[in-house]
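Notes to accompany the following structure.
Rule-based calculations on the coordinates, nothing more; no lab input. All figures in this text were calculated on a predicted structure; none of them were measured in a lab. Note that each Cβ is placed from the backbone with ideal geometry, even for glycine, and that neighbours are counted across all protein chains shown.
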Amino acid sequence: MSTSSVLPPQAVHIAELLRRRDHVLVAAHAHPDGDALGSTAAMGWLLRGMGKETALYNATGAPEFLEWLPLPCPLHTELDHLPFRPELLVVLDCGDAHRVGEALAPLLTQLPCINMDHHLGNPEFGTLYNWVEPSMAATGQMAAAVARAAGAPLTGALAEAVYLSLVTDTGGFAFGNTSADVFRLAAELADGGLDVAAVRERLDNQWTLPRMRLWSHLLRHFMVRREGSVALAVAARADLEACGARKEDMEGFVEHLRRLRGVRVAGLVREDAPGRCKLSLRSSGTTDVRAMAAVFGGGGHRNAAGATLALPLAEAREAVLAAVDAGLSAQDGDRPRPHGGE
Ligand code: 5GP
Ligand code: MN
């Protein structure tokens, strides 16, 4: 028996809570990545297997690069047209309640809510139960544990969804969160008949020309600061439009930027609307970017964090450079220095 078959008590408890309700709404953070959508799908397949009335919700829907993922039922983007009134909410991969989006957030306090997440600093907003486990590599890993607790086989579409979560949040089994349990779970999915190569083929080699053009633009224009330890790219709406690209085409770029030798913090500031920007930060090892994102009210993990800034692009860029500089100085135990020039 592998150690991954030792069930966390929280997973057992959640499986029991699911058994007691019949109408369940499953949601994850807006602008879902592979873990948010993968864990949504995995919980959906599990609930369907348990014979529950299930609805899936995501404020912004599925991005094009994940449209291939099989879902057990439609993914709703509006709450008005749900097929039933939910008795229970399962909220996945949301480090904060507001990440589900403006429409659903108020309901989180009005309905019994299970909060399953792996983000450090999650305020445990679940009104019925909270399972917040930062040592989990992906929320999909937690969903797999609940499935196991419920006695569901980790095969078929459920396995595919869990695998997508794992691949996404471990950077293809490469980040520091790739624990032995992650490998054991992946092995179990493969044992269950999962076509690993088919999933990868759907994820890779699918770049559109606008995406390639946007990355090319960002790679030509990113800035390097603090003796090469900080790399920051800035994407104006006009840049996206010029390339014919969409927000989701930037997925993965900040990880790419982190590859530059000597870079400790890689960042991407994306203009979402005039006066509103989205920040993504990545680091390696002990460098903590969550603390830097927290300056702007954001959060995430030590090596991957983000925030939304209510600032025009140029000001956001300067504020981010200052926060990263101050964060590195504080973490290194030295005094802040001006971030200008190389
Ligand atoms: P990304 O840069 O890919 O959007 O997000 C990186 C990590 O930071 C993810 O774990 C994500 O959940 C978290 N994150 C991104 N934006 C925010 C935010 O505005 N608030 C919080 N609390 N976490 C965020
Ligand atoms: Mn996640």
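Structure summary
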{"read-out": "Simple spin-label estimate for LEU111 and VAL224 in nanometres, 7 Å along Cα-Cβ", "value": "5.0"}
{"read-out": "ALA322-THR208 FRET efficiency (beta carbon distance; Förster radius 30 Å; 0.05 resolution)", "value": "0.30"}
{"read-out": "Estimated vicinal HN-Hα couplings, Hz - the range 283-297 in sequence order (Karplus 6.51, -1.76, 1.60; Gly, Pro = x)", "value": "9, 10, x, 7, 5, 9, 8, 4, 4, 6, 5, 5, 4, 9, x"}
{"read-out": "Most to least packed among 127-134, 321-328, 149-156 [average Cβ atoms within 10 Å]", "value": "321-328, 127-134, 149-156"}
{"read-out": "Unit charges on C-beta of K, R, D, E only; dipole of the chain, Debye", "value": "520"}
{"read-out": "Cut-off 12 Å (backbone N to label point 7 Å along Cα→Cβ of GLU255), residues of the range 185-212", "value": "203-204"}
{"read-out": "Proxy reagent accessibility, fewest Cβ within 10 Å first, across CYS243, CYS94", "value": "CYS243, CYS94"}
{"read-out": "Whether the range 9-204 is rounded, prolate or oblate, judged on the alpha carbon gyration tensor where a/c under 1.5 counts as rounded", "value": "rounded"}
{"read-out": "Amide H contacts under 5 Å for HIS119, placed H, 5+ residues apart", "value": "GLU133"}
{"read-out": "Potential lengthening between LYS247 and GLU16 on full extension [0.36 nm per residue; Cα-Cα distance subtracted]", "value": "79.3 nm"}
{"read-out": "Rounded tilt (10° steps) of 34-49 against the dominant C-alpha axis of the chain", "value": "10"}
{"read-out": "GluC sites (Glu not before Pro) within the range 68-166, DSSP loop, no more than 16 other Cβ atoms inside 10 Å", "value": "GLU78, GLU87, GLU102, GLU124"}
{"read-out": "Nearest 10 degrees, 0 to 90: helix 9-19 Cα axis against the chain principal axis", "value": "60"}
{"read-out": "Vicinal HN-Hα couplings computed from phi for the range 318-334 (Karplus, 6.51 cos²θ - 1.76 cosθ + 1.60; Hz; Gly/Pro x)", "value": "5, 5, 5, 4, 5, 5, 5, 4, 5, x, 5, 4, 5, 5, 8, x, 10"}
{"read-out": "Sorted by Cβ density within 10 Å, fewest first, the residues MET223, MET250, MET292", "value": "MET223, MET250, MET292"}
{"read-out": "Tensor-based shape of the chain (alpha-carbon gyration tensor, a/c under 1.5 rounded, otherwise prolate or oblate)", "value": "prolate"}
{"read-out": "Angle in degrees between helix 156-169 and the longest Cα principal axis of the chain, rounded to the nearest 10", "value": "20"}
{"read-out": "Student exercise, the range 9-204 dipole from Lys, Arg, Asp, Glu Cβ charges, in Debye to nearest 20", "value": "540"}
{"read-out": "For VAL91, VAL295, order by how many other beta-carbon atoms lie within 10 Å, fewest first", "value": "VAL295, VAL91"}
{"read-out": "Estimated Rh, the range 209-332: Kirkwood, alpha-carbon pairs, angstrom", "value": "14.1"}
